[in-house]
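Participant: Here you go, one structure.
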Amino acid sequence: MTELAIPDAPAEDTAVVPLSRGVATVATAAPADTSTTTTVTAPAVLAPTVMPPDPAMEPPPLKNLLRGEGALQVQPSAPGGLEAPRLLGKLEGAAPGPTLIVIGGLHGNEPAGVLGLVRLLEDFTERSLALRRGRLVALVGNRRALRHNRRFLRHDLNRHWQPERVTSLQLRAAEEPAALTDEDAELVELAQAIEEARRSTPPGEPVYLLDLHTFSAPGIAFTTLDDNLQNRAFTLRLPVPSVLGLEEELSGTLTSFLSSQGVVSAGYESGQHEDPSAVNRAFAALWVFLESASLLAEDQMAEASFHRDRLALECAHLPPIVEVRYRHHIEPHDLFGMRPGWINFQPVSKHQILAKDRHGGVASPLDGLVLMPLYQKQGDDGFFLVRPVHRRWLLLSAAVRRLPLIHALHWLPGVKRHPELANSYIVDRKFARFLVLEVFHLLGFERRSPLDERFMVWSLRDQEAETPDPA
Ligand SMILES: [Zn+2]
């Protein structure tokens, strides 16, 4: 049976949920003929364009979605954002199984994930659908910032999940809960909600986490993942570009925190903050991830396929897998501003001017594709540059990670074992060529220090560290 857990707060009958501009809308398109699937062939040339709106995907106003019993208390808030409970709802499967935890609004100016979740919960309830097994737990991230439609109030909630910090905040919350403010309180509350969902998962069943986001430039969806094999298996079923290596640039993300604890994790960026299509893409991806987590019943697979095909069509001109090669970190005193017109996956040449700051033009340090150019005030990542990764490379790396090659790495030039950290190496860039770095990625290592430092520390991702180190 399907059970929609209804939070306690009172609800109104209808609500229009405004984004900063316009009204968020959602699609109701259903598969007309689910017996056929769409074959997608990626063209050789990257077209830096956004797909035009598809009339078949044009959705009715969101107010239609939030009608009825108001099972989901997502309402417009007076400061201009959304008022939403921590637990949006649950879908319980007919049999025990894995748990899929989905988080919307970890950044408060990104309501599309919350609205996509609302739509999924309503969809299952209205059509009396039931998961075959396991359950979905839908949570809201930064409730306080969401209320104000701001990325964060004091600091970025998706940069403070370092294990020591989480533990110390939990201790402080136990001793003096009123002392925690804004994002610190959000972190403790969200960690507790995640922990409850994990604890109630039957032993031996996997726990999955999907973190829904949007971005400030125009563009279509992509996924992000910490590159271990179980995250790949979960994430790469979604036919949108997958971005590897973002976690090496960003410290303290929620997905990295949980991934290192064995939770199968993925991030999903569904479009521009204010684009109603971002809600559609979140909704579509939720169906595909439900299938990926093996929660759907046999007769629901066609619907997941329908949504997968729609996403595949939209992304057909983009590379399926890319890797982060550069992050342009900014500080407020940089007075950074992107030049107008850059969108995700737009090709850029080395030396081409992408932005300006107090020193003048900011040129691209390499040939690549632009990712997440910053067109909002809050945030300290100006832009990222990525390059395509061939699927053969992924297959090769999956194969070699099963071999005990990691114990021979100190034979490589400029590489020695880390004297204290297990499964870690120090790489001297003076002697180690770029290929050495590629070998570390191939074998499932993660870079723990900046690319431009001479001595870099590489550690095996926790989930890859199954072969005991003989040292
Ligand atoms: Zn975000």
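Participant: Which order do Ser459, Ser128 fall in if you start with the one that has the fewest other Cβ atoms within 10 Å?
Facilitator: On the way: Ser459 18, Ser128 8.
Ascending number of Cβ neighbours within 10 Å: Ser128, Ser459.
Participant: Sticking with this one: Using a Förster distance of 41 Å, how high is the FRET efficiency between Ser349 and Ala174, based on the Cβ-Cβ distance and rounded to 0.05? Present the calculation step by step, with values, prior to reporting the outcome.
Facilitator: Values: r = 54 Å, r/R0 = 1.31.
Working from the Cβ atoms, E equals 0.15.
Participant: In which sequence would Trp458, Trp393 go, from the one with the fewest C-beta neighbours within 10 Å to the one with the most?
Facilitator: So the residues, fewest neighbours to most, are Trp393, Trp458.
Participant: I'd like the FRET efficiency for Asp428 and Leu313, computed as 1/(1 + (r/R0)^6) with the beta carbon distance as r and R0 of 51 Å, rounded to 0.05.
Facilitator: On the way: r = 47 Å, r/R0 = 0.92.
For Asp428 and Leu313, the calculated efficiency is 0.60.
Participant: Which whole-number percent gives the relative contact order of segment 403-464, counting Cα pairs below 8 Å spaced six or more residues apart?
Facilitator: Contact order relative to length: 31 percent.
Participant: Would you please classify the overall shape of segment 55-314 from the alpha carbon gyration tensor, given that a ≥ b ≥ c denote the square roots of the eigenvalues, rounded means a/c under 1.5, and beyond that prolate means a/b larger than b/c while oblate covers the rest? Intermediate values should be presented prior to the final figure.
Facilitator: On the way: a/c = 1.36, a/b = 1.21, b/c = 1.13.
Here segment 55-314 falls in the rounded category.
Participant: I would also like to ask the following. How large is ³J(HN,Hα), in whole Hz, for each residue of segment 325-340 in order, when computed from phi with the Karplus curve 6.51 cos²θ - 1.76 cosθ + 1.60 and θ = phi - 60°, using x for Gly and Pro?
Facilitator: Result, rounded to whole Hz: 10, 7, 10, 9, 6, 10, 10, x, 6, 6, 6, 6, x, 5, 5, x.
Participant: If each of Gln162 and Asp367 carries a label point 7 Å out from its Cα toward its Cβ, how far apart are those two points in nm?
Facilitator: 3.9 nm
Participant: Another question, if that's okay. Once you have the Cα-Cα distance between His418 and Val400, take 0.36 nm times their residue separation minus that, and quote the gain in nm to one decimal. Working shown, then result.
Facilitator: On the way: separation 18, 0.36 × 18 = 6.48 nm, distance 2.17 nm.
Value of the extension gain: 4.3 nm.
Participant: Would you grab the residues whose amide H sits under 5 Å from the one on Leu88? Only those 5+ places off in sequence or on another chain, please, with H modelled 1.01 Å from N.
Facilitator: Residues meeting the criterion, in which the H sits 1.01 Å from N, are Ala138, Leu139, Val140.
Participant: Please work out the FRET efficiency for the pair Ser200 and Arg448, using the Cβ-Cβ distance as r and a Förster radius of 41 Å; give the result to the nearest 0.05.
Facilitator: Details: r = 33 Å, r/R0 = 0.81.
Efficiency, from the Cβ-Cβ distance: 0.80.
Participant: Give me Val166, Val348 ranked fewest to most by other Cβ atoms within 10 Å of their Cβ, as a rough exposure proxy. If you can, show how the numbers build up before the last one.
Facilitator: Numbers: Val166 17, Val348 20.
The fewest-first ordering by Cβ neighbours comes to Val166, Val348.
Participant: Rounded, prolate or oblate: pick one for segment 403-464, where a ≥ b ≥ c are the square roots of the eigenvalues of its C-alpha gyration tensor, a/c under 1.5 means rounded, and failing that, prolate if a/b is larger than b/c, else oblate.
Facilitator: Numbers: a/c = 1.41, a/b = 1.29, b/c = 1.09.
Verdict is rounded for segment 403-464.
Participant: Let me ask something else. Could you name the lysines in cross-link range of Lys416, using Cα to Cα under 23 Å and dropping any fewer than eight places away on the same chain?
Facilitator: Correct list for Lys416: Lys430.
Participant: So, one more: Taking N as the number of residues in segment 321-388, what is its alpha-carbon radius of gyration divided by 2.2 N^0.38 Å?
Facilitator: Details: Rg = 11.1 Å, N = 68, 2.2 N^0.38 = 10.9 Å.
Its radius of gyration relative to the 2.2 N^0.38 Å reference: 1.01.
Participant: Still on this model: Given the Cα-Cα distance of Met301 and Arg127 and 0.36 nm per residue of separation, how much length would full extension add, in nm?
Facilitator: Details: separation 174, 0.36 × 174 = 62.64 nm, distance 1.55 nm.
Separation in residues times 0.36 nm, less the Cα-Cα distance, equals 61.1 nm.
Participant: Considering the convex hull of the alpha carbon atoms of segment 312-471, report its projected area averaged over all viewing directions, in nm², one decimal. Present the calculation step by step, with values, prior to reporting the outcome.
Facilitator: Details: hull surface 47.3 nm².
Over all viewing directions, segment 312-471 projects a mean Cα-hull area of 11.8 nm².
Taken together, the values in this text are just the output of simple stated rules run on the coordinates, not laboratory data. Remember, predicted model here, so these are calculated numbers, not experimental data. Neighbour counts are summed over all protein chains in view; Cβ atoms, including those assigned to glycine, are modelled from backbone coordinates with ideal geometry.
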